[in-house]
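The values are calculated or read from the model by the stated rules, or taken from the named source; none is laboratory data. Fair warning: this is a prediction, and the values are worked out from it, not measured in the lab. Methodologically, a virtual Cβ is constructed for each residue, glycine included, from the backbone with ideal geometry; neighbour enumeration extends over all protein chains shown. SASA here: full protein model, heavy atoms, side chains in, ligands and nucleic acids out. Shrake-Rupley method; radii C 1.70, N 1.55, O 1.52, S 1.80 Å.
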Amino acid sequence: MEDKTAYFDNSASTRLDERVFEAMKPYYFDTYAVATSEFAYSMGIDAKEALEEARSTIADSLNASPGEIVFTSGSTESSNMAIKGVTSALKNKGRHLIVSKIEDFPVLNTAKSLEKQGFEVDFIEVDDTGRLNTEQLAETITDETVLVSIQHANQEIGTLQDLESISSICREKGVLLHTDATHSFTRVPIDVQQIPVDLITIASHTIHGPRGVGGLYIRKGTPINKWMDGGFQEFNLRAGLENIPGAVGFAKAVELVTEEENKQIKALRDHLIERISSEITDVILNGSKEHRSPHNANITFHYVEGESLTLHLDMRGFAVNTGSACFSRSLEASHVILGIGGDHERAHGSLRFTFSRYNTLEETDTIVDAIKEIVAQLREISPLYEKK
């Protein structure tokens, strides 16, 4: 192996693409005025034009209008804005919110925070692949329900929800729908003209764009209150100085993702799953085989601690994550694995592999070879493993 780390944790964050960096540089060193200076001097006009061009590029990727995209600091802020903004705007209509049990923490913890403030929250169950039961969703919606928030792709196991069916149910029931598309945006198409989602969380850091910038799609006419006080930026919905280099970089990152790239990433992912499944015993693929984001593979290696696996892989130059991607230093098991019916052993023995444009077939084969050796060594000393 070269000294360079083979990075398989691209759902946590991705390497910045050099072309994205080049697109951003002029807005740090040349056109560095703020967009609200458009009324004062020409550099401000140029900055405003760059911001609006970036907004249009991102809107086009969803088949939305530019005025329906609000720039934020990232997916956490976007989901907070969506959920808190809508529930605040509609609190006189009702105080009931529905989310799935396996949402990422920005949605899950926002819902729990509202619960402490007197909102009723239903945490919908999922099946053993992570898919939501749409019939149960329909039955859970009441006259008091103001918002349903169901992710598009799961952050840990990659399972894709049936967004078309979910949005149709919400539209039929007259309830707004928010989806967290942080881990599917540009990897799995969403056309807001075809799928009636009302709010969509998107982010830059998962597609080789800069960190610290994201967006929220808000369908025209959606009732939403401003939840952060300050200036009048972003259609008077998101106060604060506009991150113009970030917005430009985000838009460039969106432009660079291609269907061919997504096919190549999926092929690498499938190759890893096939090799591990056929060459290592006592493993299980977590999540749906059929309905899955193209870059994600989450696999449990029974009788092995995921933490030990990641440490051994790190020493060999591989970066992967175990258990809950955001909670790997805690003893608490992944709420996602538990949510699909797994136990603590299954959760702690899981590894998440997420691919990007920079992964290769050679390093994919090399990490599988390394895992085979490490798993064999760890099971040899495991008191739980029955020697075959």
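Worth a mention:
- Check on Ala59, assigned by TED's automatic domain parsing to the domain that holds Val213, farther than 27 Å from Ile190 by Cβ and assigned to a helix (DSSP H, G or I): no
- The helices (runs of 4 or more DSSP H) found entirely in the range 275-388 that carry 2 or more residues being closer than 25 Å to Glu125 by Cα and among the β-branched types (Val, Ile, Thr) are 335-339.
- Against the numbered list (1) open to solvent by less than 40 Å² (accessible area, probe 1.4 Å); (2) out of contact with any Leu (no Cβ under 8 Å at 6 or more places or on another chain); (3) more than 23 Å from Thr206 (Cα to Cα), Asp229 comes up short only at (1).
Yes/no per residue for (1) open to solvent by 40 Å² or more (accessible area, probe 1.4 Å); (2) free of Cβ contacts under 8 Å to residues at least 60 places away in the same chain:
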site	(1), (2)
Ala138	no, yes
Leu160	no, no
Ser168	yes, yes
Arg171	yes, yes
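Conditions (1) farther than 15 Å from Pro66 by Cα; (2) assigned by TED's automatic domain parsing to the domain that holds Ser356; (3) part of a loop (DSSP other than H, G, I, E, B), marked per residue:
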| position | (1), (2), (3) |
| --- | --- |
| Lys220 | no, no, yes |
| Asn225 | yes, no, yes |
| Gly240 | yes, no, yes |
| Pro245 | yes, no, no |
| Val248 | no, no, no |
| Lys252 | yes, no, no |
| Lys266 | yes, yes, no |
| Arg269 | yes, yes, no |
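- Unique match (being assigned by TED's automatic domain parsing to the domain that holds Ala35, part of a loop (DSSP other than H, G, I, E, B) and not charged (D, E, K, R)) among Thr201, Thr206: Thr206
- The residue of the range 73-126 that is surrounded by the fewest Cβ atoms within 10 Å (Cβ to Cβ), among those that are within 17 Å of Thr182 (Cβ to Cβ) and in contact with a Gly (Cβ under 6 Å, 6 or more places away or on another chain), is Ser73.
- Residues of the range 227-238 classified as outside any helix (DSSP H, G or I) and aromatic (Phe, Trp, Tyr), total: 2
- Which listed residue, of Thr14, Thr31, is more than 23 Å from Asn262 (Cβ to Cβ), part of a loop (DSSP other than H, G, I, E, B) and open to solvent by less than 60 Å² (accessible area, probe 1.4 Å): Thr31
- Taking first residues from the range 369-388 that are farther than 21 Å from Phe318 by Cβ and modelled with pLDDT under 80 and partners that are open to solvent by less than 100 Å² (accessible area, probe 1.4 Å) and in a helix (DSSP H, G or I), the Cβ contacts under 7 Å between residues at least 6 apart in sequence or on separate chains come to Tyr385/Arg379.
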